[in-house]
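Everything on this sheet refers to the single structure shown next.
The values are calculated or read from the model by the stated rules, or taken from the named source; none is laboratory data. Computed from a predicted structure; not experimentally measured. Methodologically, a virtual Cβ is constructed for each residue, glycine included, from the backbone with ideal geometry; neighbour enumeration extends over all protein chains shown.
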Amino acid sequence: MSTRIITVANQKGGVGKTTSTVNMAAAIARTGKEVLVIDLDPQGNASTALGAEHREGTPSVYEVLTGDLSLLEVVQACPDEPHLWTAPATIDLAGAEIELVAQVAREYRLARAIEAALKERSFDYVILDCPPSLGLLTLNGLVAAKEVLLPIQCEYYALEGLSQLLRTIDMVRTHLNPSLIVGAILLTMYDGRTRLASQVATEVRTHFGEQVLDTVIPRSVRVSEAPSYSQTVLTYDPSSSGAIAYQEAAAQLMALTPDYAQSYPQT
């Protein structure tokens, strides 16, 4: 099986993007698959949750994008999951967008780094956590990936801004990465006590159909607490509703074939 390269993207902040990245990655790794998480967000929240060192000066994705280090030179093992690895982000990454603007083939920096790494070492999954923007870092993530996982929170204005993201994905497919697909959509922050959450879930399922994973991720204090202990919720509280939901969602994502969604409806 070839490596599945999945970018988790949504330019809207607070949708559970990083939380979904690290917990889905951990759940997949627990099945025995070798998983690499690449943290493209200068905030480094995915690095924190996976227990990766990412203080300023730590070899990171920044050095990979600038060409100073190879991807494998910055990869760290996750202390809690034997099959999970992290390429961390440091605050240096915040300047990368400005520094890369004048570089040749700047959109392909990450794609080429991943391609080179996979020639030396085998990973079943490479999962990229993008920042909440549509800048050059996210563009590198979309160009490097084969699939996009879109987290959408079950709250008011859930679909706001999504049309812009889908247009960006379309543009990337047209001009930079013709094999890119929208692989799956994950509903997050679901509060079963509210009518709004079920209305949003219904609206998203009506619009995107089978691309929406069956499992929804509930609002969970345990999910929110886990990163402060440098853990995923699967390690922090494996019996919690959030941990169980992420394991189910990961299983559904793994069951999809890479050519699952060749098109998607426009908003």
Lone unmet requirement of (1) closer than 30 Å to Ser70 by Cα; (2) among the acidic types (Asp, Glu); (3) free of Cβ contacts under 8 Å to residues at least 40 places away in the same chain for Asp129: (3)
The stretch 4-53 - residue that is more than 18 Å from Cys78 (Cβ to Cβ) and at pLDDT 95 or above and, of those, surrounded by the fewest Cβ atoms within 10 Å (Cβ to Cβ): Arg4
Search result, residues across the stretch 53-112 that are of a type in the set (Lys, Arg) and either without any contact (Cβ under 8 Å) to a residue 12 or more places away in the chain or part of a loop (DSSP other than H, G, I, E, B) (or both): Arg55, Arg112
The stretch 126-149, residues that are outside any loop (DSSP other than H, G, I, E, B), within 11 Å of the chain's Cα centre (by Cα) and modelled with pLDDT of 95 or more: Val126, Ile127, Leu128, Asp129, Gly141, Leu142, Glu147, Val148, Leu149
Any hit, the stretch 47-64, residues being charged (D, E, K, R) and closer than 26 Å to Val182 by Cβ: no
Among the candidates Ile185, Ile114, Ile181, residue that is aliphatic (A, V, I, L, M), farther than 10 Å from Thr7 by Cβ and touching a Phe, Trp or Tyr at 6+ places or on another chain (Cβ under 6 Å): Ile185
Of residues in the stretch 234-265 being of a type in the set (Ser, Thr, Tyr) and within 15 Å of Val212 (Cα to Cα), the one modelled with the highest pLDDT: Tyr246
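Against the condition surrounded by fewer than 15 Cβ atoms within 10 Å (Cβ to Cβ) and touching a strand residue (DSSP E or B) at 6+ places or on another chain (Cβ under 9 Å), how does Gly141 come out, does it pass? Show your work before the answer.
Working: surrounded by fewer than 15 Cβ atoms within 10 Å (Cβ to Cβ): no; touching a strand residue (DSSP E or B) at 6+ places or on another chain (Cβ under 9 Å): yes.
Judged against the criteria, Gly141 is not a match.
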All positions within the stretch 57-78 that are among the aliphatic types (A, V, I, L, M) and over 15 Å from Gly95 (Cα atoms): Leu69, Leu71, Leu72, Val74, Val75, Ala77
Residues of the stretch 8-41 satisfying the condition of being closer than 18 Å to Val216 by Cβ, small (Gly, Ala, Ser) and within 9 Å of the chain's Cα centre (by Cα): Ser20
Any chance Ile5 is under 12 Å from the mean Cα position of the chain (by Cα) and not in a loop (DSSP other than H, G, I, E, B): yes
Scope the stretch 193-221; condition of a type in the set (Phe, Trp, Tyr) and over 21 Å from the mean Cα position of the chain (by Cα); matching residues: none
Subset tally (residues that are buried (at least 19 other Cβ atoms within 10 Å of the Cβ), modelled with pLDDT under 95 and over 18 Å from Thr138 (Cβ atoms)) for the stretch 79-112: 1
Residue, surrounded by the most Cβ atoms within 10 Å (Cβ to Cβ), within the stretch 200-232, restricted to residues that are in contact with a Pro (Cβ under 9 Å, 6 or more places away or on another chain) and not polar (S, T, N, Q): Ile217
Selection from the stretch 167-188 of residues that are more than 16 Å from the chain's Cα centre (by Cα) and among the aliphatic types (A, V, I, L, M): Met171, Val172, Leu176
Cβ pairs under 6 Å, 6+ apart, first in the stretch 185-211 and at negative phi and at pLDDT 90 or above, second hydroxyl-bearing (Ser, Thr, Tyr) and crowded, with 20+ Cβ neighbours inside 10 Å: Leu186/Ser20
First in the stretch 214-238 and in a loop (DSSP other than H, G, I, E, B), second anywhere and aromatic (Phe, Trp, Tyr), Cβ under 7 Å, 6 or more apart: Val216/Tyr190; Ile217/Tyr190; Ile217/Tyr246; Arg219/Tyr190
